[in-house]
Structures are given as C-alpha cells and as structure tokens.
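The values are calculated or read from the model by the stated rules, or taken from the named source; none is laboratory data. These numbers were taken from a predicted model, which means no experiment stands behind them. Cβ placement follows ideal geometry from the backbone for every residue including glycine, while neighbour counts extend to all protein chains displayed.
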Amino acid sequence: MGGGAYPSFSGDFLIFHRVGVEGDIAWRASQNLYGGSQPVRPILYTFNAIWVPKITKNITAEVLGGIGGEDLRFYGAINYNPFSGYTNYTSSNHFMGDFGGGIRAYFWRNAFIRPEVRLYLINNNVEFSSDYAARYSVSLGYSFGRR
C-alpha cells in the first residue's frame, strides 16, 4: 500500500462547541502491483469523532479517531454481482480503526491549508505484512459558518 498519491474527500460537522463528527475517503490514484504482478488499488474510508481546539486566531488543531474500512481492489478478473453488474476487479474488505490529527492554518477568510497524519489499524490485513498503514497529507479546505 505504501507510496503513491492518495486523493481524498473529507467533511466534518461540529455539533457542540468544538466537538463533532468527521468522515473521509481516500484511494490510491494509480494502481500498484501486489506481489509484483497483480494490479491493486486500496480505498480507505472512515467515520470519526473530531475535536477542533483553537490555538490562535488563524490556527486550529484537529484530533480525531474512529472506525472505517479498507477495500483492496485486485484488478484483472471479470466478476458479476447481481446488485452492481459486471466489474473488472475482486474486492477484499477489512474493518479498521483510525486516529490522527492535523493543523488548520487559515490564510484567507475561511480557506485553510492542513497538514495531517493518520494511522489506520487494519483488522486481519493478511494481504500485507503489517496490520497498520500511515498516511501523511496536505490538503486545502474551506470552513462554512464560524471558525
């Protein structure tokens, strides 16, 4: 799973002061080779509790943790599913927990840049040599409402 670019989408909603819920999905932008020959693409999705403490006027932290799943898509075989039809991949799904954090630095009104790190603890990840994966990223975002 290591290396490569992982585009992602995320959103959070603060319910009480600076505590709320967050969800995200990240996938490997290009296929990797599993075992040197089998094309594979991991997809990671999570649902988290989030705490967003204010550090300064233009900087807030993010601390989050929750649960989610890993979908490993192995390409090459044609499969039929009565709900989705034909696909050119086989999936291997795993339950996982995650936690991480980041720093939001607001640079223009409600627009921010956010470096962050995530640690995924993947249950029964037999396809790889480790039951965890780390993701380091930098993202651009926008806050609706008050910061």
Out of the residues in the range 20-58 meeting the condition of being surrounded by 13 or more Cβ atoms within 10 Å (Cβ to Cβ) and of a type in the set (Val, Ile, Thr), tell me which one is nearest to the chain's Cα centre (by Cα).
ILE25
Please identify the pairs in which a residue from the range 89-102 that is buried (at least 16 other Cβ atoms within 10 Å of the Cβ) has its Cβ atom under 8 Å from the Cβ atom of a residue that is hydroxyl-bearing (Ser, Thr, Tyr) and at pLDDT 95 or above, counting only partners at least 6 apart or on another chain.
MET96/THR46; ASP98/THR46
In the range 3-59, what residues are out of contact with any strand residue (DSSP E or B) (no Cβ under 8 Å at 6 or more places or on another chain) and not hydroxyl-bearing (Ser, Thr, Tyr)?
ALA5, PHE16, HIS17, ALA29, GLY35, GLY36, LYS57
Only residues that are assigned to a loop (DSSP other than H, G, I, E, B), free of Cβ contacts under 8 Å to residues at least 24 places away in the same chain and over 20 Å from PRO39 (Cα atoms): list them for the range 121-143, please.
ASP131
Any residue in the range 111-133 that is acidic (Asp, Glu) and surrounded by fewer than 16 Cβ atoms within 10 Å (Cβ to Cβ)?
yes
Do you know which residues across the range 59-105 are of a type in the set (Asp, Glu) and closer than 18 Å to PRO115 by Cβ?
GLU62, ASP98
Going by what's in this entry, would ASP71 be described as of a type in the set (Asp, Glu) and under 27 Å from ARG109 (Cα atoms)?
no
Exception for GLY23 within (1) modelled with pLDDT of 80 or more; (2) farther than 16 Å from ASP98 by Cα; (3) small (Gly, Ala, Ser) falls at (2)
Of the residues in the range 1-19 that are aromatic (Phe, Trp, Tyr) and under 21 Å from LEU119 (Cα atoms), the one that is surrounded by the most Cβ atoms within 10 Å (Cβ to Cβ) is TYR6
